[in-house]
Structure formats: C-alpha cells, structure tokens
Amino acid sequence: MKKLYTFLFLLLVGIPVSSFAQSPSDSIRTYVVQALNIMKNHSINKQKVDWEKLYATTLEAAKDAKTIRDTHPAINKALEGLKDNHSRLYPAEVIKAYKEMGGAEASGQKLPMPTGTIVDGKYALITVPGFSAITNEDQLAFVDSIQHVIRKLDAQNPKGWIIDLRQNQGGNLEPTIAGLMPILGEGKSVGWADGDNKITYANYKNGMIIGLTDSTEHFIKSPYTLKKQGQPVAVLVSGRTSSSGEMAAISFRGRKHTKIIGTPTQGLTTSNAPRELSDGAWLNLTDARAADRHGKVYGGKLTPDIELTITENASANSYLYFNAAIKHIDKPKK
C-alpha cells in the first residue's frame, strides 16, 4: 500500500541541519547509484526518462562531494528530472531528530484534527484537514479523531454527509481513508497505478488499516458503524485540495449517491512511498498515480462532478458550496 507524506512541518520546527558523520566504508558513488536505482525501478515516469543520461549527469554533479550529505543537491536535481513534481529527499538528520522526539505529541507539536457540526439541523459536516506524521501512534490517533467526530454527528440522525476537503493539502492518506470508512464503506475504494500501469487497490475491512509507517496491519480500537448505511454524500474540493486530499476525494468517486463538488483540484493525484537510503535519509518517491474504483487513472487535476464558478466573495462561495451539497443530499443521484 502506498504512503503519502508531507513533511514540511518537520522543517519548520527548528530541527538543526548538520552533517551526519559518515562511516569510512560508505561509498559516495554507491550512495548516489542506490538513489538512482530506486528512481529507475519505481518512478511513475520511469518509462519516460533517459536513464543513461540521468545517471551520468547526477554522478558528475556529485563528483566533488566529500560526504554522503554533500550528494543531496545532485540527488534532488535528479528528482527534478523525473518531472513528477512530487518526489522529495528528506535528510537523515530530519528523520532521526523527529523519531527521537517521539512523535508530534512528545515534541510539543499540535497536529491538525478534524471538526464537525450539523448544518441546518440535518446535514452532517465534517472538515478533514491535511495531516502529516511518521509515527503509528500519531496516525492511529488521527483515525480515531475522525471516527469520534463521525460518531457524534451520527447521533444526531443526519440526512446526509458533507466531507469538506477544500483546505486539505495532503499528508498521510491511510489514516484519512481509514477514519472516513464509516461513511465511505468497506472494500475497494482508491487504487494506485504504478509505472507499468498495474493497479493495486486499498481494501479496508473490519477496522483493519495497513500502510502506516511500519507497513503492518493495525486494527482500529473501536471502529464505528453508521446507524444508516448508504446515505448521500457530498465531497467538497477546491484548488487548494492537494495530494492525499485529492486522493481522499477520489476514494469517494463511484460511491452510490455521492458527488464531488467544487473546482478542479491542485493536480497532485500521485502517491509517494518513502524508501530509506543507507545513511537513514528518506527518498520519498512518486511511484504511482491514483485510480478510482472503476479503474480510471488520474495523475493530474481532479475535476468535480458538480463544478462551481467561484467568485472573490468568500461568503458567496460558501453559500454556493453548501447550497450545491444540500441540493444533492435532498435529491441524490447515482
């Protein structure tokens, strides 16, 4: 299963960037080749790259490196050459420092959490922000927080659900999907098409979630089940909806009585999977394109089912979104 990570917050919490000591046995050239081999074997654009040229130019750019850490600019340049606009290299010191902090809570960070409310007394609105964490504890806590909101809203017997992803700019996909499973429904939802165009689907069942940091199976402590199954759903997206936010929306595409509403999304409907290099750095490589349950492969912007014309008036825009959502829920179409 693929993982999506947005670690920008790691770089904003004052983690010192310093060179790691290198083992005398470390080969700088071997390190660069290791990174290039990962790209060649797993990049979604592997069929489009002149690999002989990329190997040559990257090794040339790294020839004066004194330490493995010194090769990172050359490797980042190679990632740009993949032209997926999503891959990124995270230095070992960033990953190590965050792990040593023990996760977000231990390091004093406050991770974004979902919120919910009832609109007009009968429509359940849940706002799901972008979320990024590299510990299983943080990710599972996010799953629980989404289902806690769903549980509270469902107790008020809503007529339908509004999933607001307008400000969701990505992060971890698995916790988001697992959290929304009571509404989304079990089984096949979002899939990934790799560089050879082979599609693999995520399947969630009985509260099981896989694809977290350790890539093993976990079970949600108390998975929630809606009192009424198959209620209509409106998924709200915008030009700010990005990466795993877009994939969360795609996971609803094809669900009965569900519409995606808003404007075209940012266009990062691709999946990243972190692969650890020999020094502990993470090569977070874009290795798949999103696919919906019907097999449509994306890779660019997600076009809503109901497209809105947005103005510069924020209040007017909110009215447009919620009016369209309520109209759909009141008279849902397949």
Treating each Cα of the chain as an identical point scatterer and ignoring solvent, apply the Debye formula and state log10 I(q)/I(0) at q = 0.11 Å⁻¹. -0.73
Under the rule of -39500 (n - 2.57) per DSSP H run of 4 or more residues, summed and divided by the residues of the chain, what mean residue ellipticity at 222 nm is obtained, to the nearest 500 deg cm²/dmol? -10000 deg cm²/dmol
Over the chain, with neighbouring protein chains present, the accessible area per residue in Å² at probe 1.4 Å is 46 Å²
Between the helical axis of 72-82 and the dominant principal axis of the chain, each derived from Cα atoms, what acute angle in degrees is found, rounded to the nearest 10? 50 degrees
I'd like the antiparallel share, as a percent to the nearest 5, of DSSP beta bridges with both residues in the range 135-238. 65 percent
Overall dimensions of the range 139-281 as given by Cα atoms, namely Rg and Dmax in Å: 15.5, 53
Over the residues of the range 230-334, compute the C-alpha Rg and express it relative to 2.2 N^0.38 Å. 1.27
Skipping prolines and chain starts, which residues have an amide H placed within reach, meaning under 5 Å, of the one on V190, given they are 5 or more residues away or on another chain? A202
How would R29, R255 rank on accessible area, largest to smallest, probe 1.4 Å? R29, R255
Comparing K228, K63, K110 in a Gaussian network model of the chain (Cα, 10 Å), the one with the largest mean-square fluctuation is K110
To the nearest 20 debye, what is the magnitude of the charge dipole of the chain about its Cα centre, counting +1 on the Cβ of each Lys and Arg and -1 on the Cβ of each Asp and Glu? 1260 debye
Report, to the nearest whole %, how much of the accessible area of the chain belongs to carbon and sulfur atoms, 1.4 Å probe, protein only. 50 percent
For a quick check, take a GNM of the chain with Cα springs below 10 Å and name the residue from A62, A178, A314 with the largest mean-square fluctuation. A314
Restricting to bridges with both residues inside the range 226-320, how much of the DSSP beta-bridge set is antiparallel, in percent to the nearest 5? 55 percent
Restricting to the chain, what percent of DSSP beta bridges are antiparallel, rounded to 5? 60 percent
Hz values of 3J(HN,Hα) by residue in the range 300-305 - Karplus curve (6.51, -1.76, 1.60), Gly and Pro given as x: x, 5, 9, 8, x, 5
Could you grab the relative contact order for the chain? Cα pairs under 8 Å, six or more apart, rounded to a whole percent. 20 percent
What residue among T115, T309, T200 shows peak mean-square fluctuation when the chain is described by a Gaussian network model with Cα springs under 10 Å? T309
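The values are calculated or read from the model by the stated rules, or taken from the named source; none is laboratory data. Worth saying up front: this structure is predicted, and the values here are computed from it rather than measured. We place every Cβ from the backbone using ideal geometry, glycine too, and count neighbours over all the protein chains shown. Protein only, heavy atoms only, side chains kept; ligands, DNA and RNA dropped before computing areas. Shrake-Rupley method; radii C 1.70, N 1.55, O 1.52, S 1.80 Å.
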